[in-house]
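Visitor: Structure provided below as structure tokens; questions to follow.
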Amino acid sequence: DNANRLISYLVALGLTSQLKAQHEREKQSARRDHLTGLANPKGFYEALSIEIARHRRQRIPLAVAYFDCDNFKLVNDRFGHNEGDRLLEGIGRVLKENLRKTDVIGRLGGDEFAVLLPGTTSEGAIMVAEKIRTCLTALCAENGVPASKLSIGIASRVPKPGDMFGDLLASADEALYCAKDKGRNRTEIAPDRPAKPAFRSSRAA
């Protein structure tokens, strides 16, 4: 009887562990973009909210870089959606290979990507952005991916009481619009001031 109870207990324990592991996989999958493997909007916004709270307590700067492909629609129109997907996968790969493990990378929709850079000033974020731009150009040249340029908006500040994740992201998005207005294929920095509480989620390619 004791042996049977032990076997039953071990079987139940094994099934419980499997269910927990499956639940965790499903939980992680719900926060991942299936094309690039990066965080999807849900996963990115959750990480940003957590980091804002942590950086506010520690009083250190937190930066967000917002990336947008300048000619993505043209790539889709001329070369097809498969080539467009290959470009998006390439961008995701470049971001993962050239950023720290502590950075959070998200695909927020279409050809829009965002990077959360803990403990990073505007100057540091600019260096990261230019490195990504250079690496993407090299990727396109080496692998036959249609050439693409990036417009980048950066926001960095020490979060203050009452700041929400949308505030910092809205500042980066505002800077990205400024980069687009100034001719594209460039990086712009948001002023160190509260941004609009809502940010725009689409723009001309």
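The values are calculated or read from the model by the stated rules, or taken from the named source; none is laboratory data. Quick caveat, the model's predicted, so the values are computed rather than measured. Positions of Cβ are backbone-derived with ideal geometry, glycine not excepted, and every protein chain shown enters the neighbour counts. Accessible surface areas use protein heavy atoms only, side chains included; no ligands, DNA or RNA. Shrake-Rupley method; radii C 1.70, N 1.55, O 1.52, S 1.80 Å.
Visitor: Name the single residue, out of those in the range 32-48 being open to solvent by less than 50 Å² (accessible area, probe 1.4 Å) and either of a type in the set (A, V, I, L, M) or at pLDDT below 90 (or both), that is nearest to ASP167 (Cα to Cα).
Guide: So the residue we want is LEU48.
Visitor: Now a separate question. Condition (residue is among the polar types (S, T, N, Q), open to solvent by less than 30 Å² (accessible area, probe 1.4 Å), at pLDDT below 95 and in contact with a helix residue (DSSP H, G or I) (Cβ under 6 Å, 6 or more places away or on another chain)) applied to the range 70-83: is it met by at least one residue? Show your work before the answer.
Guide: Filtering the range 70-83 for residues among the polar types (S, T, N, Q) gives 71, 76, 82.
Next, only the ones that are open to solvent by less than 30 Å² (accessible area, probe 1.4 Å) stay: 76.
Subset that is at pLDDT below 95: 76.
Now narrow it down to the ones that are in contact with a helix residue (DSSP H, G or I) (Cβ under 6 Å, 6 or more places away or on another chain): 76.
Taking every residue of the range 70-83 in turn, at least one turns out to be among the polar types (S, T, N, Q), open to solvent by less than 30 Å² (accessible area, probe 1.4 Å), at pLDDT below 95 and in contact with a helix residue (DSSP H, G or I) (Cβ under 6 Å, 6 or more places away or on another chain).
Visitor: Taking the range 84-99 on its own, how many of its residues are open to solvent by 20 Å² or more (accessible area, probe 1.4 Å) and under 14 Å from the mean Cα position of the chain (by Cα)? Give the derivation first.
Guide: Initially, the range 84-99 is screened for residues open to solvent by 20 Å² or more (accessible area, probe 1.4 Å), giving 85-86, 89, 93, 96-99.
Right, trim to under 14 Å from the mean Cα position of the chain (by Cα) and you get 89, 93, 96-99.
Residues flagged as open to solvent by 20 Å² or more (accessible area, probe 1.4 Å) and under 14 Å from the mean Cα position of the chain (by Cα) within the range 84-99 amount to 6.
Visitor: Against the conditions (1) open to solvent by 20 Å² or more (accessible area, probe 1.4 Å); (2) over 12 Å from the mean Cα position of the chain (by Cα), where does ILE132 fall short? Just the number, please.
Guide: (1)
Visitor: Let me ask something additional. Output the residues belonging to the range 155-179 that are of a type in the set (Phe, Trp, Tyr) and either without any contact (Cβ under 8 Å) to a residue 24 or more places away in the chain or farther than 19 Å from ASP111 by Cα (or both).
Guide: PHE165
Visitor: Let me ask something else. Looking only at the range 54-69, how many residues end up being open to solvent by 30 Å² or more (accessible area, probe 1.4 Å) and out of contact with any Asp or Glu (no Cβ under 9 Å at 6 or more places or on another chain)?
Guide: Narrowing the range 54-69 to residues open to solvent by 30 Å² or more (accessible area, probe 1.4 Å): 54, 56-61.
The next check asks that each one be out of contact with any Asp or Glu (no Cβ under 9 Å at 6 or more places or on another chain); those that pass are 54, 57-61.
Looking only at that region, the number is 6.
Visitor: On to the next question. Looking at ARG59, is it of a type in the set (Lys, Arg), more than 22 Å from ALA175 (Cβ to Cβ) and modelled with pLDDT of 90 or more? Write out each step before concluding.
Guide: Numbers: of a type in the set (Lys, Arg): yes; more than 22 Å from ALA175 (Cβ to Cβ): yes; modelled with pLDDT of 90 or more: yes.
Here the answer is yes, as ARG59 does meet what is asked.
Visitor: Being modelled with pLDDT under 70 and open to solvent by 60 Å² or more (accessible area, probe 1.4 Å) is the filter here, so list the residues in the range 143-164 that pass it. If you could, list the steps in order and put the result at the bottom.
Guide: We begin by selecting, within the range 143-164, every residue modelled with pLDDT under 70; these are 143-148.
Selection gives ASN143, ALA147.
Visitor: Going by the structure shown, is ILE105 in contact with a Gly (Cβ under 8 Å, 6 or more places away or on another chain), β-branched (Val, Ile, Thr) and modelled with pLDDT of 90 or more? Please lay out each step first, then the result.
Guide: Numbers: in contact with a Gly (Cβ under 8 Å, 6 or more places away or on another chain): yes; β-branched (Val, Ile, Thr): yes; modelled with pLDDT of 90 or more: yes.
Here the answer is yes, as ILE105 does meet what is asked.
Visitor: Of the residues that make up the range 100-115, is at least one open to solvent by 40 Å² or more (accessible area, probe 1.4 Å) and out of contact with any strand residue (DSSP E or B) (no Cβ under 9 Å at 6 or more places or on another chain)?
Guide: yes
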